[in-house]
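Presented below is the structure to which this report refers.
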Amino acid sequence: MTTQYFPEVSDQIQYEGAESDNPLAFKYYDANRIVAGKPMRAHLKFAVAFWHTMKGTGSDPFGGGVYDRPWNKSGSDMDNARYTLDAAFEFFAKLTVPHWCFHDRDIAPEGANISESAANLQIMVDHAEALQQTTDCSLLWGTANLFSHPRYTHGAATNPDPLVMAYAAAQVRYAIDATIQLGGQGYTFWGGREGYCSLINTNMQQEREQMARFLYMAKDYARAQGFNGVLYIEPKPGEPMTHQYDYDAATVLGFLREFDLQDDFRLNIEANHCTLANHTFAHDLMLAASSGMLGSVDANAGAILGWDTDEYPSNLYECVWAVLIILKSGGFTSGGFNFDAKVRRGSFDTLDLFYGHISGMDTLAHALLIANKIIEDGEMESYLQQRYSGFQQGIGAKIMQGNTTLVELEQWAINQGEPKKTSGRQELRESLFNRYIVGGLVK
Ligand code: XLS
Ligand code: CA
Ligand code: CA
């Protein structure tokens, strides 16, 4: 096993079981263990986010970078880009992670013009393709960074200047080509700066229509190139713009239907973005899943700071809900759990990158065992069925089939008299749920 950038980890991380106290071992993630007929690896489809893991510097709004990364060892941006890819694949192989995700500008520096940027990207995509062949790690999804360069200050697709949109179009074109060359299963659009700060200088409907136009062109290009993966929209309510057009799952679903994009696009739900929108992670997952629009997940967690802190998922309760919803909706197809998460500013060491991912992978693997047990036991499902059973027969079934009227319902209500008050039993349900998590119901 090549060891150049991570000498502190000499081999692949192994599964050692819940009793192990080895910090560099999995306690729950046993890649080949069969759960509900499928190996854990295929259920969870973990991916490393190149931007945080390889390019993160530890900067925050109050200070610049603090990490020394051994792959930033040359004066040349192109050399560093190559070393960073080499280091990434050493990390992926040691972590035994099956997938990765990247933005175009994460892996290759922007050039002096569109053609030079495209040429830089092509060199690094060829290098990544060769590295992929040496490991068991393939691309989950690719994307374009349409938010860091100063030209995108007022947005990319929603910019008031069509020339800026054209630059974004060129970038997306090459990022889609890169995704196809690397065998990516999906391509993601996160809104970036697609939003606004004030209506005082903004034509909101013009911008929303521009965004739809851009997505049509991107979809048409991808399909014409033979891409049959899934296109994702990743909702986020604010930051960097005050108002982001892709606010949350409900807003994006409405947008896709308004502009007839629902057949090609699915949602990539990020935990921290749900909480920034004052929803739970489970709420947006449930909304996307129940309308058949859940595609992929950016696994992370927020803090009480109120901005997008992108921490590793470590809250078992929230992860059980996430996996439960995903399992019940049939599991991932093209999507997976991408760790859009970064080590804290104070966690300088490259070893911390392993600890962060091991913790996230173990939390979600543990959650998978618990969620599967909840489904197998069937108690939760039968409670829900019983609670809504009135809609299965009689007048309830007629309502659901669209076979009744307000007048018939009024007559029925008059005949029935006042409805009986029935407890929702929330506290009881919570304590039953907790037995799976802390009550030893899962081994
Ligand atoms: C930013 C987003 C971003 C997308 C990819 O908040 O999470 O990282 O996932 O552009
Ligand atoms: Ca994300
Ligand atoms: Ca985020």
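The values are calculated or read from the model by the stated rules, or taken from the named source; none is laboratory data. Not measured: the values here are computed from a predicted model. Cβ: placed from backbone, ideal geometry, glycine included. Neighbour counts: every protein chain shown. Just so you know, the surface numbers come from the protein's heavy atoms only, side chains and all, with ligands and any DNA or RNA stripped out. Shrake-Rupley method; radii C 1.70, N 1.55, O 1.52, S 1.80 Å.
Observations, loosely collected:
- With the Kirkwood sum run over all distinct C-alpha pairs, region 148-258 has a hydrodynamic radius of 14.4 Å.
- Phi angles of region 223-232 translate, via the Karplus equation with coefficients 6.51, -1.76, 1.60 and θ = phi - 60°, into HN-Hα couplings of 5, 5, 7, x, 6, 10, x, 9, 9, 10 Hz per residue; Gly and Pro are given as x.
- Contour excess over end-to-end distance, with Cα ends at Thr3 and Leu384 and 0.36 nm allotted per residue: 131.9 nm
- In terms of overall dimensions, region 226-329 has a Cα radius of gyration and Dmax of 13.4, 44 angstrom.
- Acute angle (nearest 10 degrees) that the helix 281-290 long axis makes with the longest principal axis of the chain, alpha-carbon atoms: 70 degrees
- Taken over the alpha carbons of the chain as equal point scatterers, the Debye sum produces base-10 log I(q)/I(0) values at 0.07, 0.10, 0.12 Å⁻¹ of -0.39, -0.76, -1.06.
- Rounded to the nearest 20 debye, the dipole size of region 149-277 about its Cα centre is 200 debye, using +1 on the Cβ of Lys and Arg and -1 on the Cβ of Asp and Glu.
- Protein heavy-atom accessible surface, 1.4 Å probe, per residue over region 1-88: 51 Å².
- Nearest 10 degrees, 0 to 90: helix 316-328 Cα axis against the chain principal axis: 70 degrees
- Distance-filtered residues of region 132-162 - backbone nitrogen under 20 Å, label point 7 angstrom along Met217 Cα→Cβ: 143-162
- Mean Cβ neighbour count within 10 Å, used as a protection proxy, ranking 139-145, 185-191 highest first: 139-145, 185-191
- Acute angle (nearest 10 degrees) that the helix 114-134 long axis makes with the longest principal axis of the chain, alpha-carbon atoms: 80 degrees
- With the helix formula -39500 (n - 2.57) applied to DSSP H stretches of n ≥ 4, the chain reaches a computed 222 nm mean residue ellipticity of -14500 deg cm²/dmol.
- Among the chymotrypsin sites (Phe, Trp or Tyr not before Pro) found in region 40-100, those both in a DSSP coil and sparsely packed, with 16 or fewer other Cβ atoms within 10 Å of their Cβ, are Phe62.
- Taking only the alpha carbons of region 1-159, we obtain Rg and Dmax values of 17.9, 55 Å in that order.
- Annotation: per residue accessible area for region 304-375 equals 35 Å², rounded to a whole number [probe 1.4 Å, protein chains only].
- Protection-proxy order for peptides 286-297, 19-30, each taking the mean of Cβ atoms within 10 Å per residue, highest first: 286-297, 19-30
- Interatomic Cα distance distribution for region 1-40, bins of 5 angstrom, percent: 6, 22, 19, 18, 18, 11, 4, 2
- Here's the list of lysines a cross-link from Lys45 could span, going by alpha-carbon distance under 30 Å and ignoring same-chain residues fewer than 8 apart: Lys27, Lys55, Lys94, Lys219, Lys236, Lys328, Lys342, Lys373, Lys443.
- On the beta carbon distance between Gln225 and Ser347, with R0 = 45 Å, the FRET formula returns roughly 0.65.
- Apportionment of accessible area to carbon and sulfur, the chain, percent (1.4 Å): 52 percent
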